[in-house]
């Protein structure tokens with residue numbers, strides 16, 4: 001390791017340490033009344049273990065506990081900009097994630113920090129080789145940090161897409177099982193319990209959440225509407241609306257469920273035909289622009305060569 005590399009590493013470490021010290025300095029800090037009273041109340045245990053605060057264990061171990069104040073401050077600064085927190089919460093529910101908005105923002109900050117660290121490593125490598133421009137180095141670090149920040153959004157979007165595809169593929173079978181349970185004499189709540197305990201998959205897991213909400217005191221209407229808001233899929237929303245309307249008006253529920261399952265199967269068949277049509281058009285591009293010109297060249301070139309030879 002050269003002296004230049006060692007100097008750069010030590011300078012970066014010194015600058016980072018000084019920045020953390022300046023950020024953590026309590027300039028004009030005065031403890032609030034809550035902070036002054038809290039140490040006097042710590043010996044009071046809650047009446048029930050269910051009322052105790054859940055101990056948060058960082059998945060990053062000691063490093064996560066050390067960086068937790070920095071992440072908390074970064075999340076607080078992001079919340080000040082209000083970067084679509086409500087829309088983000090709906091996306092997290094659609095992805096079936098247990099993360100809160102603050103947890104997700106913390107993961108975005110970690111991804112941005114990883115991108116910035118990769119940019120700094122690249123800058124150090126370029127500086128060692130003597131090909132580093134200061135402005136380009138700053139731009140590289142900033143760009144990689146922004147890319148790392150938005151890469152987490154791409155992962156979330158792909159997870160939502162996969163989950164919705166899985167729910168659509170499971171929906172006809174689950175709907176028919178629901179209709180079969182109702183035809184056998186079960187109530188709507190009993191059919192939900194049978195589906196949640198017998199089936200496996202994303203939709204069955206959502207029905208298990210609905211069953212848990214009902215056991216916690218929610219009505220079946222409220223629990224099913226909450227399920228529709230979490231999934232955010234038009235066929236499932238129509239299915240839930242059909243179930244609720246059938247329960248309110250007393251119409252035969254099994255017939256409604258079978259019709260819903262049939263509609264979803266037709267929708268899946270139509271989507272499959274559309275996908276096949278798009279793939280067929282995509283397969284024509286290399287045929288028209290690649291294979292066909294080569295075929296013409298192979299057919300015409302020998303004749304042109306013979307004509308040039310004068311035969």
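The values are calculated or read from the model by the stated rules, or taken from the named source; none is laboratory data. Here the structure is a predicted model, which is why all the values come from computation and not from measurement. Please note: Cβ atoms are built from the backbone with ideal geometry, for glycine as well, and neighbour counts cover all protein chains shown.
Data for the structure
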quantity: Residue that is farther than 30 Å from residue 111 by Cβ and not in a helix (DSSP H, G or I), where the choices are 190, 242, 185, 212; calculated: 185
quantity: Residue match in the stretch 222-232 (condition: at pLDDT below 85 and either on the phi < 0 side of the Ramachandran plot or surrounded by fewer than 18 Cβ atoms within 10 Å (Cβ to Cβ) (or both)); calculated: yes
quantity: Residue in the stretch 285-293 that is free of Cβ contacts under 8 Å to residues at least 24 places away in the same chain, touching a helix residue (DSSP H, G or I) at 6+ places or on another chain (Cβ under 9 Å) and assigned to a helix (DSSP H, G or I) present; calculated: no
quantity: Single match in 256, 243, 264 (criterion: surrounded by 10 or more Cβ atoms within 10 Å (Cβ to Cβ), at pLDDT 80 or above, closer than 30 Å to residue 224 by Cα and touching a helix residue (DSSP H, G or I) at 6+ places or on another chain (Cβ under 8 Å)); calculated: 243
quantity: Out of 162, 152, sole residue that is under 22 Å from the mean Cα position of the chain (by Cα), free of Cβ contacts under 8 Å to residues at least 24 places away in the same chain, assigned to a helix (DSSP H, G or I) and under 23 Å from residue 93 (Cβ atoms); calculated: 162
quantity: Inter-residue pairs, beta-carbon under 7 Å, first closer than 19 Å to residue 161 by Cα and in the stretch 91-103, second modelled with pLDDT under 85 and in a helix (DSSP H, G or I), 6+ apart; calculated: 92/104
quantity: Sole residue being surrounded by fewer than 17 Cβ atoms within 10 Å (Cβ to Cβ), touching a helix residue (DSSP H, G or I) at 6+ places or on another chain (Cβ under 6 Å) and either free of Cβ contacts under 8 Å to residues at least 24 places away in the same chain or over 16 Å from residue 168 (Cβ atoms) (or both), chosen from 196, 216, 208; calculated: 208
